[in-house]
Amino acid sequence: MSGIDTCLWFDGQAEEAADFYVAAFRAAGRPAQRGEDMRWPEDGRPLIATAVLDGHTVICLNGGPQYRPTPAVSFSVACGSQEEVDALWSALLEGGEPMACGWLTDRYGFSWQVFPRRLPELLRDPDRAKAGRVMTTMQAMVKIDLAALERAAEG
């Protein structure tokens, strides 16, 4: 196997979406991929646009209006710092909707979980009271605030 890529279904916005996602991530690009030269015969728009986001290939497919995104499937992005959380959150949220506990829906309807890499460590703490305080604090948040979670862990 060569790996697993993600394919996202769009109704004519594949190139726009690929550019949007590349702009949101620090380590991202639009490599030339096989199939990018395939076009719909009706209107000449590209069939796919490919983006690589922090090493993960996302294929944006201009598939038509038949399918819409669902929050039952989401992207989970563990960030190295609060600054990374803030930057990615702001970029992905442009034209989208915030949800709760670090989740947001982007302008295309896809769901993202954006959180500091430290969060799972805090939630797995063997001191269950400490982990519980972190969970309670996180549940009241929209965008994750690592400093507030660290304060909750300390009691």
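The values are calculated or read from the model by the stated rules, or taken from the named source; none is laboratory data. Given the structure is predicted, the values throughout are model-derived calculations rather than measurements. Counting neighbours? That spans all protein chains shown, and the Cβs are built from the backbone with ideal geometry, glycine included. Accessible surface is based on the protein model in full, side chains and every heavy atom, while ligands, DNA and RNA are left aside. Shrake-Rupley method; radii C 1.70, N 1.55, O 1.52, S 1.80 Å.
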For the charge dipole of the stretch 33-155, defined by +1 on Lys and Arg C-beta atoms and -1 on Asp and Glu C-beta atoms about the Cα centroid, which residue among Gly155, Ser90, Thr57 has the Cα displaced farthest towards the positive pole? Gly155
With a 1.4 Å probe and every protein chain left in place, tell me how much accessible area Arg39 has, in Å² to the nearest 10. 130
Could you work out how much longer the chain between Cys7 and Arg117 gets when fully extended? Use 0.36 nm per residue separation minus the Cα distance between them, nm to one decimal. 37.1 nm
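For the chain, which whole percent of the accessible surface, found with a 1.4 angstrom probe, sits on carbon and sulfur atoms? Display every interim value, and only then the final one.
Details: 4630 of 8710 Å².
Result for the chain: 53 percent of the exposed heavy-atom area is carbon or sulfur.
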Loop only by DSSP, 14 or fewer other Cβ within 10 Å of the Cβ. Give me the GluC sites (Glu not before Pro) in the stretch 59-106 that pass, ordered by residue number. Glu94
Compute the long axis of helix 128-139 from its Cα atoms, compare it with the longest principal axis of the Cα atoms of the chain, and write down the angle in degrees, 0 to 90, nearest 10. 50
How charged is the neighbourhood of Ala78? Take every other residue with its Cβ under 11 Å from the Cβ of Ala78, and add Lys/Arg as +1 and Asp/Glu as -1. -1
Note to self: with every protein chain in place and a 1.4 Å probe, the chain gives an accessible area per residue in Å² of 56
In order through the stretch 92-109: 3J(HN,Hα) via Karplus (6.51 cos²θ - 1.76 cosθ + 1.60), integer Hz, x for Gly, Pro: 6, 6, 4, x, x, 9, x, 10, 10, 6, x, 9, 8, 10, 7, 4, 9, x
Along Cα→Cβ, 7 Å out, is where each label goes; now give me the distance between the ones at Arg26 and Asp125 in nm to one decimal. 2.6
Would you kindly derive the ³J(HN,Hα) couplings of the stretch 2-10 from the backbone phi angles with the Karplus curve 6.51 cos²θ - 1.76 cosθ + 1.60 (θ = phi - 60°), listing them in order in whole Hz, with x for Gly and Pro? 9, x, 10, 10, 9, 10, 10, 8, 10
If you work out P(r) over Cα pairs in 10 Å bins from 0, in percent from the coordinates, which of (1) 11, 35, 29, 16, 7, 2, 0; (2) 10, 38, 35, 13, 4, 0; (3) 11, 41, 39, 9, 0 do you get? (1)
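What does the helix-only formula give at 222 nm for the chain: each DSSP H stretch with n ≥ 4 adding -39500 (n - 2.57), the total divided by the residues, and the result rounded to the nearest 500 deg cm²/dmol?
On the way: 5 runs with 50 residues, N = 155.
Result for the chain: -9500 deg cm²/dmol, rounded to the nearest 500.
For the chain, what does the relative contact order come out to in percent, with C-alpha contacts under 8 Å and a separation of six or more? Please report the intermediate quantities before stating the final value.
Values: 279 pairs, mean separation 29.1, N = 155.
19 percent.
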